[in-house]
Structure formats: structure tokens, C-alpha cells
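**Q** Got a structure for you, questions after.
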Amino acid sequence: MSEEFEIRNKVNESGLVNFDLTTLLPKGIRKGIDLKDFLFQEMILKEKDFREKVAAINTDEYTDTYIYIYNSADAIVPLWAYFVLTAKLTDAAKKIVFGNREDLEVILMHNAIQTYDFDDMRGKRVLVKGCSDKEIPENAYVELVEQLKPIVKSLMFGEACSNVPIIKN
């Protein structure tokens, strides 16, 4: 190779900070608990039976997991039932939410974005990675812009070779 020809990484030289939201995704197992499995004939909550089923839960199965509680049955479940189930699992789980898997992911990303220190991006040109093999809730991008807009010099979305400018301060 000729000394005159040098391969340069212009992206690195540009001072552009690449940010991948997937780095904020909390690692860990996600588990869903369907309340219908705790109901009599998947329709009626009998307090004694419900409490017995909750007491029988092996919390070791939920150690360090992220749990979402949902109800797929067409049954009305009193609010105290969620209290009882959550109280049983709270010492084992990392986080428990009511809703589906997507709701859990939105809350996890919300917490991650709110607690992340973005100070190293202050005054910089930031490119938020657009493609990922992991699913990121759309709300995470909204919250990320809220956090970055006041502190960055410019914000872009996509890839270095083809990005969409979002803001320029």
C-alpha cells in the first residue's frame, strides 16, 4: 500500500458522539404473570383460594427478573389482589409492573433514561443510532430527545452515512 494513501475514519474525526439506546436496556429475564391463573374457573376471584395460590408461588423462580402482571380473563379483579401478588414477589424481582410486556419495557427504559448521566454529551454533536436488533419502545426516543435537546450542540438520528438532523443549537 502506498504511503500517500491512508485510510481515515472520518466519523471518528468528526467529533460525532454515537449513542445506542440499546445500551440502556436493562439486562435480565422478563416474566409475565396472568391473573386468570389465580381465579376460580378463570372468572372469579375467591379471596381464600387466591391467597393460597399466591402463597404457593416459588419466589426463587422470579429472583432478579422483571415481572409484568396482566389479566387475560374477562373478569373484574379487585385492586387489593395486585397488592397481595406484588407483596409476594417484590423481594425477589428487580421490577414489577401492571400491564403487558410492552408496558414493562416502556417503564424500564423510562427509568433508565431518567437515571442516565448524559453530561458527557454536553455541547457535542450526538447521533442516536437508528437500527437495532433489539426492540426499543418509541417512547424511549421521545424521552431521549427531551433529555438531550437542552444540552447537545446538535442531535441527529440514523447512521453516520445517512442521518436525519433533529436539532441544532
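**Q** Check whether at least one residue in the range 59-70 is farther than 21 Å from Ile29 by Cα and at pLDDT 95 or above, and report yes or no. Talk me through it step by step, then tell me what you get.
**A** Step one: list which residues in the range 59-70 are farther than 21 Å from Ile29 by Cα, which gives none.
No, the range 59-70 contains no residue that is farther than 21 Å from Ile29 by Cα and at pLDDT 95 or above.
**Q** Another question, then. Can you tell which of Ile113, Ile107 is open to solvent by less than 20 Å² (accessible area, probe 1.4 Å), outside any strand (DSSP E or B), over 22 Å from Gln41 (Cα atoms) and at pLDDT 95 or above?
**A** Working: Ile107 fails: open to solvent by less than 20 Å² (accessible area, probe 1.4 Å).
Matching residue, one of Ile113, Ile107: Ile113.
**Q** Checking Gly123 against (1) farther than 30 Å from Gly15 by Cα; (2) open to solvent by 30 Å² or more (accessible area, probe 1.4 Å); (3) not polar (S, T, N, Q), which test does it fail?
**A** Of (1) farther than 30 Å from Gly15 by Cα; (2) open to solvent by 30 Å² or more (accessible area, probe 1.4 Å); (3) not polar (S, T, N, Q), only one is false for Gly123: (1).
**Q** Residue pairs, Cβ under 9 Å, 6 or more apart or interchain, first in the range 22-37 and free of Cβ contacts under 8 Å to residues at least 60 places away in the same chain and farther than 23 Å from Ser132 by Cβ, second small (Gly, Ala, Ser) and open to solvent by 40 Å² or more (accessible area, probe 1.4 Å). List them.
**A** Asp34/Ser72; Leu35/Ser72; Lys36/Ser72
**Q** Could I ask something else about it? What number of residues within the range 77-98 are β-branched (Val, Ile, Thr) and without any contact (Cβ under 8 Å) to a residue 24 or more places away in the chain?
**A** Result for the range 77-98: 2.
**Q** Counting only residues that are open to solvent by 30 Å² or more (accessible area, probe 1.4 Å), within 16 Å of Ala92 (Cβ to Cβ) and not in a helix (DSSP H, G or I), how many does the range 31-80 have? Give the derivation first.
**A** Within the range 31-80, the subset open to solvent by 30 Å² or more (accessible area, probe 1.4 Å) is 31-32, 36-37, 40-49, 51-53, 55-56, 58-64, 68, 70-72, 74, 76, 78-80.
From what is left, the residues that are within 16 Å of Ala92 (Cβ to Cβ) are 31-32, 55-56, 58-64, 68.
Still in the running and not in a helix (DSSP H, G or I): 31-32, 56, 58, 63-64, 68.
Number satisfying all stated conditions: 7.
**Q** If I go through the range 74-128 residue by residue, how many of them are over 25 Å from Ile151 (Cβ atoms), aromatic (Phe, Trp, Tyr) and within 21 Å of the chain's Cα centre (by Cα)?
**A** Total satisfying the criteria: 1.
**Q** Restricting attention to the range 38-76, which residues are without any contact (Cβ under 8 Å) to a residue 24 or more places away in the chain, of a type outside the set (Asp, Glu) and in contact with a Phe, Trp or Tyr (Cβ under 8 Å, 6 or more places away or on another chain)?
**A** Lys46, Lys53 - these are the residues of the range 38-76 that are without any contact (Cβ under 8 Å) to a residue 24 or more places away in the chain, of a type outside the set (Asp, Glu) and in contact with a Phe, Trp or Tyr (Cβ under 8 Å, 6 or more places away or on another chain).
**Q** Further question on the same structure: Can you find, within the range 135-169, the residue that is surrounded by the most Cβ atoms within 10 Å (Cβ to Cβ) among those that are modelled with pLDDT of 90 or more and of a type in the set (Ser, Thr, Tyr)?
**A** Among them, the one singled out is Tyr141.
The values are calculated or read from the model by the stated rules, or taken from the named source; none is laboratory data. All values derive from a computational prediction rather than experimental measurement. Note: ideal-geometry Cβ built from the backbone for every residue, glycine included; neighbour counts use all protein chains shown. Quick note on the areas: whole protein, heavy atoms, side chains included, nothing else; ligands and nucleic acids left out. Shrake-Rupley method; radii C 1.70, N 1.55, O 1.52, S 1.80 Å.
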